[in-house]
Amino acid sequence: MRSMKWMGLAMAAVVMACDDNPVIAPAPAPVATVYAATGDITAKVDEFRSALGPSNGGTAGEQPSGRREINWDGAGANPFNNRNDFPADFFNTNVKAGAVYTTGGTGFRNDSTLFAEINPAYATEFSFFSPNKIFAAVGSNRLDQLFQVAGQPTPAVVRAFGVVFSDVDLADQTSIQLFAKDGTALGTYSAPVRSDARGLSFVGVTYTDAIIARVRITLGTGALGATVNDVTAGGAVDVVVLDNVIYGEPKAAF
Ligand SMILES: [Ca+2]
Ligand SMILES: [Ca+2]
Ligand SMILES: [Ca+2]
């Protein structure tokens, strides 16, 4: 069976060669559309939202189109705020938005104090996009977002992903890296360096089809810490945190 298949391919190649068209082109790589902004990022974030469609909020079940968005600000998260044990699956159990997180660190923190309880100096570095909670991994500057059908444990894929970051000081250190469901890396997209007093940056990517199964979010060059100061505050680490996470409707990944 296998050899017959090969013969068939060989014959096809000969036929194509006779046709003056000897090159069998591989399938083209998916084309990404990138949205990036720093300074006043509102218009670019709105443009990205519009490209994805209306918000499906915390509606359970796979919706035909639209987007999901996590702003970390809802009252439902209050019991977990300003602690280092924010539930990794909060945004597909408590709130059915199809997002789960992993990290090589020790946990996650949803923070209403600009992380001042970790390090008082952070309050002058960080700001929020949506008032007033912001988010980071604990013990690591990396976290991965995986997708599930909203309210279900079914693995899912999305066609778009974007993040608002706070206090990106160094170029090409804060990024989103996208992976397909077979683990193939689709691309890495850096957030622009901050450019105004508020210090927010945005980067987002859309594809035509839902092909993103996992996103690695890298926040600057090191984890937050009581003795870890930012590069613009006399320290050696570019500390960065995130606010709004915006992504396409999670579709069951068969
Ligand atoms: Ca927020
Ligand atoms: Ca800074
Ligand atoms: Ca920084």
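The values are calculated or read from the model by the stated rules, or taken from the named source; none is laboratory data. Please read these numbers as outputs of a predicted model, since none were measured by experiment. Virtual Cβ from ideal backbone geometry, glycine too; neighbours counted across all protein chains shown. In case anyone asks, the SASA skips ligands and DNA or RNA and just uses the protein heavy atoms, side chains included. Shrake-Rupley method; radii C 1.70, N 1.55, O 1.52, S 1.80 Å.
Amide H neighbours of Gln148 under 5 Å, counting only residues 5+ apart in sequence or on other chains, H built in-plane at 1.01 Å?
Ala99, Val100, Ala156
How long is the range 96-165 along each principal axis, judged by its Cα atoms, biggest number first, in Å?
For the range 96-165, the Cα spread along each principal axis is 41, 25, 18 Å.
Based on the mean of other beta carbon atoms within 10 Å per residue, what is the order of 211-217, 57-63, most packed first?
211-217, 57-63
Which one, Pro26, Pro153, Pro120, has the greatest fluctuation when you compute a Gaussian network model over the chain with C-alpha springs under 10 angstrom?
Ranking Pro26, Pro153, Pro120 by mean-square fluctuation puts Pro26 first.
So if each residue of separation counts as 0.36 nm, and I subtract the Cα-Cα distance between Thr232 and Arg198, what length gain in nm does that give?
My answer for the length gained is 10.8 nm.
Please check: in the Gaussian network model of the chain (C-alpha springs, under 10 Å), which one of Ile176, Ile118, Ile134 has the largest mean-square fluctuation.
Fluctuation is largest for Ile118.
Highest GNM mean-square fluctuation, the chain, Cα pairs closer than 10 Å: which of Lys96, Lys181, Lys133?
Lys181
When the accessible area of the chain is computed with all protein chains present and a 1.4 Å probe, what percentage of it is carbon and sulfur?
Looking at the chain in its full context, I get 58 percent from C and S.
Per DSSP H run of n ≥ 4, the term is -39500 (n - 2.57); total these for the chain, divide by its residue number, and report the mean residue ellipticity at 222 nm rounded to 500 deg cm²/dmol.
-3500 deg cm²/dmol
Based on DSSP, what percent of beta bridges with both residues in the chain are antiparallel, to the nearest 5?
Bridges in the chain that DSSP calls antiparallel: roughly 95 percent.
Quick one: Karplus J couplings for the range 200-217, per residue in order, coefficients 6.51, -1.76, 1.60, θ = phi - 60°, nearest Hz, x for Gly and Pro?
9, 9, 9, 9, x, 9, 10, 10, 5, 10, 7, 10, 8, 9, 8, 10, 8, 9
Could you tell me the ratio Rg/Rh of the chain? Both radii from Cα atoms, Rh via Kirkwood.
1.09
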